[in-house]
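Colleague: One structure, pasted below without further comment.
The values are calculated or read from the model by the stated rules, or taken from the named source; none is laboratory data. What you see is a predicted model, and the numbers here were worked out from it, not measured in a lab. We place every Cβ from the backbone using ideal geometry, glycine too, and count neighbours over all the protein chains shown. Heavy atoms of the whole protein, side chains included, go into the accessibility calculation; ligands, DNA and RNA do not. Shrake-Rupley method; radii C 1.70, N 1.55, O 1.52, S 1.80 Å.
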Amino acid sequence: MNIRPFLFRITALFLCAFLGVMLFRGIAAMPPKESVTGPAAHYLERASRETGARNVVGAILFDYRAFDTLGESTVIFTAVCGISMLFSRRKFHRSSSGLSFIAKRGIGIMAPFLIMYATVIILFGHISPGGGFQGGTIFATVTVLLCVVFGSSFESSYFPPKTKESLESGGALLFCGIGLVGLAAGTGFLSNLSAGFPAGREGSLLSAGTIPLLNIAVGMKVGAGLSAIFYSMIKMLDTTNDYREGGPIR
Amino acid sequence: MTGNAPFLVVGIIFFLGMYAILFERNLIKIAIGITLLEASANLLLIVLGYRTGGSIPVYTLAGGTRTMVLPTPQALTLTAIVIGLATSALLLSLIILLYRHYGTLDVREIRRLRG
């Protein structure tokens with residue numbers, strides 16, 4: 001009875017080592033990447049001309065593979081729905097009163113700049129490193145900071161859960177609506193310049209057709225979604241402080 | 001051989017995550033193992049797209065060099081990080097509920113207390 005876990009460990013160790021050696025040999029056999037071919041070369045050469053965006057990663061995310069991005073933001077939406085449903089039982093909660101005066105003042109000074117930073121990252125996503133995903137995550141970080149430093153009821157009075165919900169749904173609807181414009185123009189779902197969106201002057205703020213709009217939509221979705229996730233979880237943790245440790249609640 | 005060092009790091013992180021998932025009994029540690037697996041997958045994608053001496057795939061900041069790292073793995077990793085955040089939040093929420101229901105995080109205890 002005592003030997004079984006030991007044998008299990010030894011077998012798993014050998015299996016892992018074998019797989020690792022085989023995969024490493026595969027990596028050693030890969031061709032050198034001095035010259036790129038296929039889609040990567042196409043993206044690097046022509047992304048600027050075909051989409052008007054100077055950020056190739058943004059061009060891939062929101063033009064070449066925009067449908068993929070729509071699916072990925074749906075995953076976030078599903079996670080938000082799941083967490084909200086898991087924690088939806090509790091109607092009221094007591095919020096913590098937050099941290100010290102110094103922390104509150106410091107975050108009060110920092111928060112507008114953080115929000116400005118997130119906005120810049122979202123709006124300039126097509127000409128510099130950044131985009132909807134990154135900027136949305138910074139937005140969520142601001143709400144997380146407010147939650148921790150000021151207490152969750154303060155945060156929910158500034159950014160009510162209803163507002164987050166409508167922001168997230170609005171982001172999804174904006175994304176799909178822009179996609180449907182391409183469908184109406186007869187060039188396919190989520191098509192960019194071929195659907196008649198203006199390319200603008202390359203490198204300026206208003207350029208690259210749908211990419212800035214899709215950046216804003218994804219930023220709304222990600223920012224509202226992640227902050228809603230955090231709010232649900234911290235609300236739960238605030239309420240469970242009342243119970244003795246380890247006791248089942250029902 | 002030094003060019004293969006990032007792959008070695010990927011392997012080590014993957015091994016640590018796999019070890020945590022297989023042999024740890026605490027649910028929080030298993031969750032940490034899963035996020036380690038995510039991190040190693042993301043790192044593998046980024047490393048696969050690297051070219052020697054390549055600059056970032058943004059024309060504005062690339063400077064005079066014409067060699068850029070491959071953009072597609074970066075786009076995939078970008079979304080994978082945010083999705084990993086959302087899914088690990090869901091994972092931790094389920095663990096919170098399990099703890100409230102069973103009063104323990106040990107997977108053996110949770111299995112025994114069923115019903």
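Colleague: Compute, for A:Asp68, the solvent-accessible surface of its heavy atoms (probe 1.4 Å) with the complete set of protein chains present, and express it in square angstrom to the nearest 10.
Modeller: 70 Å²
Colleague: May I ask you to give the solvent-accessible area per residue for the protein assembly as shown, in square angstrom, as obtained with a 1.4 angstrom probe?
Modeller: I get 55 Å² per residue for this part.
Colleague: Calculate the length of the line joining the C-alpha centroid of the range B:1-62 to that of the range A:189-234, in whole Å.
Modeller: With the range B:1-62 and the range A:189-234 each reduced to a Cα centre, they are spaced 28 Å.
Colleague: Do you know which residues of the range B:84-100 lose at least 50 square angstrom of accessible area in the protein assembly compared with their chain on its own, with a 1.4 angstrom probe?
Modeller: The answer is B:Ala86, B:Leu90, B:Ser93, B:Ile96, B:Leu97, B:Arg100.
Colleague: Using the Karplus curve 6.51 cos²θ - 1.76 cosθ + 1.60 with θ = phi - 60°, what ³J(HN,Hα) values do you get for each residue of the range B:84-90, in whole Hz, with x for Gly and Pro?
Modeller: For the range B:84-90, the Karplus curve yields x, 4, 5, 6, 6, 5, 4 Hz.
Colleague: Could you work out [θ]222 nm for the protein assembly as shown from helices alone, using -39500 (n - 2.57) per DSSP H run of at least four and dividing by all its residues? Round to the nearest 500 deg cm²/dmol.
Modeller: That comes out to -23000 deg cm²/dmol.
Colleague: What residues qualify as long-range amide H neighbours of B:Met68, i.e. H under 5 Å apart, gap of 5 or more or another chain, H built at 1.01 Å from N?
Modeller: Those lying under 5 Å, H to H, from B:Met68 are B:Ser55.
Colleague: Hey, another quick one. Go ahead and set up a Gaussian network model of chain A, Cα springs under 10 Å, then flag whichever of A:Cys176, A:Cys16, A:Cys81 fluctuates most.
Modeller: A:Cys16
Colleague: Related question: Output the 0 to 90 degree angle, nearest 10, between the alpha-carbon long axis of helix B:5-23 and the longest principal axis computed from the alpha carbons of chain B.
Modeller: Helix B:5-23 sits at roughly 10 degrees to that axis.
Colleague: Using a 10 Å cut-off around each Cβ of peptide A:44-54, what is the average number of partner chain Cβ atoms that fall inside?
Modeller: Shielding by partners across A:44-54 averages 2.
Colleague: Taking the square root of 5 times each eigenvalue of the Cα gyration tensor, what semi-axes in Å does the equivalent ellipsoid of the range B:2-102 have, largest first?
Modeller: Ellipsoid semi-axes (Å, largest first): 35, 17, 6.
Colleague: Mind checking how much accessible area A and B bury in total, 1.4 Å probe, in Å² rounded to 100?
Modeller: Interface between A and B: roughly 4300 Å².
Colleague: Express the carbon and sulfur contribution to the solvent-accessible surface of the protein assembly as shown as a percent, rounded to the nearest whole number, probe 1.4 angstrom.
Modeller: On the protein assembly as shown, the fraction of accessible area on carbon and sulfur atoms equals 69 percent.
Colleague: Counting only the heavy atoms of the protein chains, how much of B:Val47 is accessible to a 1.4 Å probe, in Å² to the nearest 10?
Modeller: Counting only protein heavy atoms, the figure is 20 Å².
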